[in-house]
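The values are calculated or read from the model by the stated rules, or taken from the named source; none is laboratory data. Remember, predicted model here, so these are calculated numbers, not experimental data. Neighbour counts are summed over all protein chains in view; Cβ atoms, including those assigned to glycine, are modelled from backbone coordinates with ideal geometry.
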Ligand code: SF4
């Protein structure tokens, strides 16, 4: 998997202070997408074990208390990303007690493959669905268009 950006401290993508990873790779081609540069799975740079370790260390850093990890992109559930994202979310849940995971994906929860669902099982909150320009509303919190649904799987 490649990624396009990592913000070790982020207060925009999800509630509270967070770490946010923008992965590369997305097939949805939503009109009006702000992150077109991430569509190609080859864009950005390779997500390595060192990047994974850095995220775990940042989430456990007592100097800047982060509420959790946000995974966006691109699409974290792009088929080519599933192995790396599964490894990451598994580690976050095992090594970063009390930290939540938010994920944004263009896939609908009801459409997920078994492998995608396996990843989502580790996620606390999933914001699903493509960005639809006709339903875009800047007043919405944590989503760009009203068709997207925020699924709270766990109390966060
Ligand atoms: S799912 Fe997200 S990254 Fe992919 S095209 Fe749509 S808005 Fe862009």
Could you please find all residues in the range 1-49 being under 24 Å from residue 108 (Cβ atoms), in contact with a helix residue (DSSP H, G or I) (Cβ under 9 Å, 6 or more places away or on another chain) and part of a loop (DSSP other than H, G, I, E, B)?
1, 24, 25, 26, 27, 29, 30, 31, 32, 41
Residue that is touching a helix residue (DSSP H, G or I) at 6+ places or on another chain (Cβ under 9 Å) and either modelled with pLDDT under 95 or not in a loop (DSSP other than H, G, I, E, B) (or both), where the choices are 66, 115
115
Scan of the range 17-40 for residues that are more than 10 Å from the ligand (Cβ to nearest atom) and either closer than 22 Å to residue 133 by Cβ or exposed (fewer than 13 other Cβ atoms within 10 Å of the Cβ) (or both), ordered by number:
40
Considering only residues of the range 63-75 that are over 19 Å from residue 93 (Cβ atoms) and away from the ligand (no atom under 13 Å from the Cβ), which is surrounded by the most Cβ atoms within 10 Å (Cβ to Cβ)?
64
Only one of (1) surrounded by fewer than 19 Cβ atoms within 10 Å (Cβ to Cβ); (2) at negative phi is not met by residue 131, so which one is it?
(1)
If we keep just the residues of the range 89-101 that are touching a helix residue (DSSP H, G or I) at 6+ places or on another chain (Cβ under 6 Å) and part of a loop (DSSP other than H, G, I, E, B), which is surrounded by the most Cβ atoms within 10 Å (Cβ to Cβ)?
96
Please indicate, with yes or no, whether at least one residue in the range 78-88 is in contact (Cβ under 8 Å) with a residue 12 or more places away in the chain, over 14 Å from the mean Cα position of the chain (by Cα) and either on the phi > 0 side of the Ramachandran plot or not in a helix (DSSP H, G or I) (or both).
no
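Name the residue, out of 104, 142, that is at pLDDT 95 or above, within 16 Å of the ligand (Cβ to nearest atom), assigned to a strand (DSSP E or B) and closer than 20 Å to residue 20 by Cβ. Quick ask: steps written out before the conclusion?
Working: 142 fails: assigned to a strand (DSSP E or B).
Sole residue among the options that is at pLDDT 95 or above, within 16 Å of the ligand (Cβ to nearest atom), assigned to a strand (DSSP E or B) and closer than 20 Å to residue 20 by Cβ: 104.
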